Amino acid sequence: MASTMRGWLFCLWSMTLLVGFTAVPQATANDRLNILFCIADDWSYPHASIYGDPVVKTPAFDRVAREGALCTRCYCAAPSCTPSRAAILTGRFPHSLEEGANLWGFLPARYAVYTDLLEKAGYHVGYMGKGWGPGNFQAGGRTRNPAGPVYKSFTQFLDTCPKDKPFCFWFGSTDPHRPYERDAGRKAGLNPERVRVPLFWPDCPEVRHDILDYYFEVRRFDDQVAGLLTELEKRGLYERTLIVITSDNGMPFPRCKANLYDLGTHMPLAIRWPGVTRPGMRVDQFISHVDLAPSFLAAAGLPIPGDWHGRNLKPLLTGKAKSWPDAVFTERERHAYVRQGNLSYPARAIRTERFLYIRNFRPDRWPAGDPQLVFAVGPFGDIDDGPTKQIILARRNDPDWRRYFTLSCGKRPAEELYDLQKDPDELENLADKPEYAAIKQQLAARLHAWMKETGDPRATQDDDRFDKFPYYGGPFKQQKSQPR
């Protein structure tokens, strides 16, 4: 009788153990973090209230930063929409993506994107608004946008998400991209007198109100993000979702977007990663957008491809990183079709805590595009049209204003070096100063080493291959702002 009872208890214990072991993997699959990625279109650091901007209010961004990590040194891989978004999706620098390095190009299907990898691992994937692009994803051998299947809204996406699946959603706003509604900022109550005008633009009412209209759309983007956060809370998903908010490249103003200066490449970034970030964290180390895709895979428990350039941010955010880079690298190839022959303005840069070094590979070309309309946008077409650009061009021959035109549109030397500690607006090029020769040499060597390590063709075969890739953007149209 005793032996029979012991046998029965052993069977019961064995069944309990078996049930326990089979239940664990299912629970683990269901408990994987959701991922919500929110990306603005042409938003620069430090234009958020939590960074101390005195005009614009960004409560949703501020909330995510307060509840997680506020990152102060995040940089896009390229200050141009298409290559920046390609770098985010692939974890690779644009120069390694062939056609993916250019605006209005395509992203070859042989380059893995994190959205596809997550979908294969059981994630429900989708996007709304502006995903990868602008460009022609079909030309790259893809059947859909690299950001995933498109949805009309976040609500529709969540309604279609199976209960037993985690999700990965890309919210791509078109704010604060131009064109702007004139005087929208002032009508919304924003104060032009509190605007800080960078020293490379004229401080005049036209420029101040242009910045206000940009701020108006930054606030509208933040309002859109707030709606997504509310939807997560309503469905009980907020605490199980990794939330990242950033921008693709800098503000659409002269010497910003499509430039390797800070207002073109320095990005806002807030990360709320349950179980990883702590409320009120401030991260001052350098972060590149190529670090986002590896981090998303790590959050899902997936391996990171060995040919990716980005790093998993989790060790940095948990304080367990044994070391972290003290510099970040940025680049650009062809932006819009604004030079005869559809030529690029290729450049690479290294940004350290104190210095910015830029290598311009074709200093004979106009950095903002040719002075006359070539195909797209207009004269100096790598600058989106707007009041700030218009007034700088209109008064270019005025001796008191010409320096603004030169800084935004004039030709640049092969090398640029700026001491950000003394010159935060990056106005004085120190590349030819003897006292900075050693620093320039060191930074140039580091930049070249990075180019070689990451397979940059311009490190070994500077053959302008990127200029030969197709451009799928349309020609200039009056009253239409290109490029997106």
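The values are calculated or read from the model by the stated rules, or taken from the named source; none is laboratory data. Just so we're clear, the structure is a prediction, and the values are computed from it rather than from any experiment. In this analysis, Cβ positions are derived from the backbone assuming ideal geometry, glycine residues included, and neighbour counts consider all displayed protein chains. Ligands, DNA and RNA are stripped out before the accessible areas are found, and what is left, the full protein with its side chains, is counted by its heavy atoms. Shrake-Rupley method; radii C 1.70, N 1.55, O 1.52, S 1.80 Å.
At-a-glance table
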| item | result |
| --- | --- |
| Accessible heavy-atom area order of Lys165, Lys120, highest first, probe of 1.4 Å | Lys120, Lys165 |
| Residues of the stretch 212-363: accessible area per residue with a 1.4 Å probe, Å² | 32 Å² |
| Considering only the chain, percent of DSSP beta bridges that pair antiparallel, nearest 5 | 50 percent |
| Probe 1.4 Å, protein heavy atoms only - accessible area per residue of the stretch 369-416 in square angstrom | 43 Å² |
| Estimated distance in nm for a label pair at Arg235 and Ala445, the labels positioned 7 Å out from Cα along Cα-to-Cβ | 5.3 nm |
| Per-residue ³J(HN,Hα) for the stretch 333-341, Karplus 6.51 cos²θ - 1.76 cosθ + 1.60, θ = phi - 60°, Hz, x for Gly and Pro | 10, 6, 8, 8, 7, 10, 10, 3, x |
| Debye, to nearest 20: dipole size of the chain, +1 on Lys, Arg Cβ, -1 on Asp, Glu Cβ | 840 debye |
| FRET E, pair Asp183, Arg395, Förster distance 30 Å, beta-carbon r, rounded to 0.05 | 0.90 |
| Within the accessible area of the chain (1.4 Å probe), percent carbon and sulfur | 54 percent |
| Whole-Hz ³J(HN,Hα) from phi, Karplus 6.51 cos²θ - 1.76 cosθ + 1.60, for the stretch 215-228, glycine and proline x | 4, 4, 7, 4, 5, 5, 4, 4, 4, 5, 4, 4, x, 5 |
| Gain upon complete extension [Asp284, Ala321; 0.36 nm per residue less C-alpha separation] | 12.0 nm |
| Gain on full stretching of the segment that runs from Gln421 to Asp203 - 0.36 nm per residue minus C-alpha separation | 76.2 nm |
| Helix axis angle, 2-30 relative to the chain longest principal axis, alpha carbon, degrees | 10 degrees |
| Förster radius 35 Å - calculated FRET efficiency between Asp223 and Phe361 (Cβ-Cβ, nearest 0.05) | 0.30 |
| Size of electric dipole in the stretch 46-88: Cβ of Lys, Arg +1 and of Asp, Glu -1, about Cα centre, debye, nearest 20 | 60 debye |
| Structure-based [θ]222 nm, the chain - -39500 (n - 2.57) summed over DSSP H runs of at least 4, per residue, nearest 500 | -9000 deg cm²/dmol |
| Distance-filtered residues of the stretch 188-225 - backbone nitrogen under 14 Å, label point 7 angstrom along Arg403 Cα→Cβ | 198-203 |
| The chain, Rg to Rh (Cα coordinates; Rh as Kirkwood inverse mean 1/r) | 1.03 |
| Relative contact order [Cα under 8 Å, 6+ residues apart], the stretch 233-319, whole percent | 22 percent |
| Long-range amide H partners of Val283 with built H, under 5 Å | Leu70, Cys71, Thr72 |
| Distance between modelled label sites at Gln461 and Lys165, nm, 7 Å Cα→Cβ extension | 4.1 nm |
| Relative contact order (percent, whole number), the stretch 50-155, Cα cutoff 8 Å, 6+ residue spacing | 21 percent |
